[in-house]
1. Does a label point 7 Å from the Cα of His67, set along Cα-to-beta-carbon, have any residues of the stretch 80-110 with amide nitrogen under 13 Å, and which are they?
2. Counting pairs of alpha carbon atoms under 8 Å apart in space and at least six apart in sequence, what relative contact order in percent does the stretch 50-141 give?
3. Per q in 0.12, 0.22, 0.25 Å⁻¹, report the Debye log10 I(q)/I(0) for the stretch 50-141, using one uniform scatterer on each alpha carbon and no solvent.
4. Sort 65-78, 87-100 by packing, meaning the average of other beta carbons within 10 Å per residue, with the highest value first.
Amino acid sequence: MSAVTKNEANTRSHSLIRNGLTRRQEGISVVCGRRSPATGQEVIMDTDASTVLGRVSDLLREASETHHQVFRIVDGVDPDWASWYADWLLNQSELPSLLQAAPVRSELVYLLVSLDKEYTASGADGSWERYYAGRIIEHFTGQHVR
């Protein structure tokens, strides 16, 4: 990972500005909320897509574990689980930073429910967390990662 200032990222030939956010074609630039001691400018971490995929997957796993703890009295059963996950992901995790935007809660709820149906119907191999993570990143950033 290399740290660059927001101005440096904007001047690179492979960068573009969409909705006021910097994204590089070969990866995702994650705003880390720190300022450079030398310039005082916001620092952006250039992170490759596989790292972001892993982080989002980890957040989904953490949300699942936390949800199960919160709903332990009913063994994790919650018919409105997607609303709980969306709220936790948006307000208690780094997901908005990783996506470089805070998704609309209702859109994330809808996407989670859709992904649950899609994953279940497909009989996909691999973890549901990684499956969801790739599609969440693709949906909210336009970047295809899997």
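1. 80-90, 108-110
2. Computed over the stretch 50-141, the figure is 37 percent.
3. Log10 of I(q)/I(0), two decimals: -0.34, -1.18, -1.49.
4. 87-100, 65-78
Every number in this text was worked out from the coordinates using simple rules, so none of it is lab data. Just so it is clear, the model here is predicted, and its values are computed rather than measured. Don't worry about glycine lacking a Cβ; one is built from the backbone with ideal geometry, like all the others, and counts go over all protein chains shown.
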